[in-house]
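Worksheet: the structure to be examined is printed underneath.
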Amino acid sequence: MTETENCRSMALTPFARDPYHNFFEKNKMAFLKVDEKKFDDLESVLSSKQCPKAILDRDEMSIRYEKFATPIKTTEIPPTLKKDYAITYLKMALRLEKEGLTLTNSEFLSCHVDFNSEPFFKDFSSIVKKSNNTRFPFIDFINNQYALISLYNKYPRLIGLARDGGKLDIEDLMAIEHKFANFFLSALSNLLSKPLSKKISRFVKVYPFLYKNKLNPLALVEIFKFLFDKNRSAEGVINLLLKELQSLPNFCFEGKWTDYYSSIDLEATFSEKSNWKINYQGNRAKAIIKVLEEDADKKYTLLDTGSNQGYFSLIGSNLGYRVTAMDYDVASIDHLYRRLKKEAYRYELLPLVVNFSNLTSNDLQRLRSDYVIALGFTHHLWYVEGYTWEQISNTFSSLSEKVFITEFKPNTKGRGSKTIKSLAGSRYELDDFTEALKKNFKTVEVVGEYTAEASTAGRLLIVARK
Ligand SMILES: C[S@@+](CC[C@H](N)C(=O)[O-])C[C@H]1O[C@@H](n2cnc3c(N)ncnc32)[C@H](O)[C@@H]1O
């Protein structure tokens, strides 16, 4: 049997990382079922530049995603990726507009990001024929995408608020930037009838954009024409939004951990092609490479928890793993995304903003990977977040399919430590950690003691296998 025949004869099984049961899986690819009647309509849409990663698979009556990573939450998408996606979304809307079609959904959820981390449009069910009542959702786009990007751009320090998966939206922008207008319009809408107040609150939402464009009367005229003339094409306003987003400078973010790799030339590390190991000369990095090399080039998934800007995640990617890097430092994850973009998305590495302490059981399923690494991380969970070794072991066991690589750092407390642990009856001892790991993993081995790059503090490297 040839490989293609073999592939065809295999049945689709539920996609293991999808707790919402939308996706199926075969040969490490994800499939999304589509209604047969929609196939022909989808064919032209899918051939566009905005969704090249979605392939129509007639054999499976599905859309096929070859490097699908996992269903992603809006709060996990790094800010620059959000901005890039908003541009992709608008280009898609522009293309549809010319074909008499439009989009009903304007949320970031219509964004598809696979292991290559480049954002694409995926919400095909929201494409409908244009009519007087169904037009490009200009106001909703401002509310759902533009306002947040505008907030990040003007008030980079606010990213701290989004750190724990918190939401920033137009209400925040209005409260900060247009206090008086916000108060006046809300008060007015309370005094008026419901339909009228609804109209006004919709106006409140476009207000930041109108305000921003106040120096450009032509833009204002275009927006008013679109809002008040139902037959007006959306091309003008979409182009305005596009111009606005494309002209934004890079976000200037810094977080508590963003400087962590200041002694490493990350630029050179990411741009290196064939001789990547040259940037991993330290003994710690070499030891980690050695463990990961055992399963190199098998397209195994790897999750790097507390990844910072992805120095170790990149080892996995270079060795042929499909990597998800997660950290709650938004700026670190954003820098990682920008590097991947600069490298033309050639790595299989997906950066996500995730707070480990907020993981739900659905999240554990979405992120579960063959290999999980937690380097320079567990002492923070123990000291700062108040985890016991049992909790650490249980959570990483839920995340790991095969191997868990971690460290124990003696003589430390962790940045921002609250040292409340003695209350929980848990001791910060290597034996306590390894004993807890043994309850969930078949073998637990301390493979050596190493120091981190630009640090003299030793740490013990632990490899736990299922
Ligand atoms: C000491 S650095 C280690 C970075 C990298 N793993 C390494 O070993 O080079 C710790 C990282 O963990 C992240 N971190 C700490 N607590 C976290 C949490 N609850 N959720 C996600 N990331 C967290 C920090 O933002 C920081 O980037």
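The values are calculated or read from the model by the stated rules, or taken from the named source; none is laboratory data. Keep in mind it's a predicted model, so treat the numbers as computed, not measured. Cβ atoms come from the backbone with ideal geometry, glycine included; neighbour counts cover every protein chain shown.
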Over the range 373-403, the set of residues aliphatic (A, V, I, L, M), buried (at least 20 other Cβ atoms within 10 Å of the Cβ) and within 12 Å of the ligand (Cβ to nearest atom) is I373, A374, L375, L381, I392
Report yes if Y337 is in contact (Cβ under 8 Å) with a residue 24 or more places away in the chain, in a helix (DSSP H, G or I) and in the same structural domain as V291 (by TED's automatic domain parsing), otherwise no. yes
Scanning for something in contact with a Phe, Trp or Tyr (Cβ under 9 Å, 6 or more places away or on another chain) and in a strand (DSSP E or B), does the range 69-86 turn up at least one residue? no
Just one of the numbered conditions (1) of a type outside the set (D, E); (2) touching a Pro at 6+ places or on another chain (Cβ under 6 Å); (3) at pLDDT below 85 is not true of V113; which one? (3)
Residues (over 17 Å from W276 (Cβ atoms), in contact with an Asp or Glu (Cβ under 7 Å, 6 or more places away or on another chain) and part of a helix (DSSP H, G or I)) located in the range 314-334: A331, I333
Which residues, counting only those in the range 340-361, are away from the ligand (no atom under 11 Å from the Cβ), assigned to a helix (DSSP H, G or I) and surrounded by fewer than 24 Cβ atoms within 10 Å (Cβ to Cβ)? K341, K342, S361
Hey, any hits in the range 273-280 for a residue that's over 25 Å from the mean Cα position of the chain (by Cα), modelled with pLDDT under 90, in a loop (DSSP other than H, G, I, E, B) and not charged (D, E, K, R)? yes
Which one of these does Q309 not meet: (1) over 14 Å from the mean Cα position of the chain (by Cα); (2) near the ligand (Cβ under 9 Å from one of its atoms); (3) part of a loop (DSSP other than H, G, I, E, B)? (1)
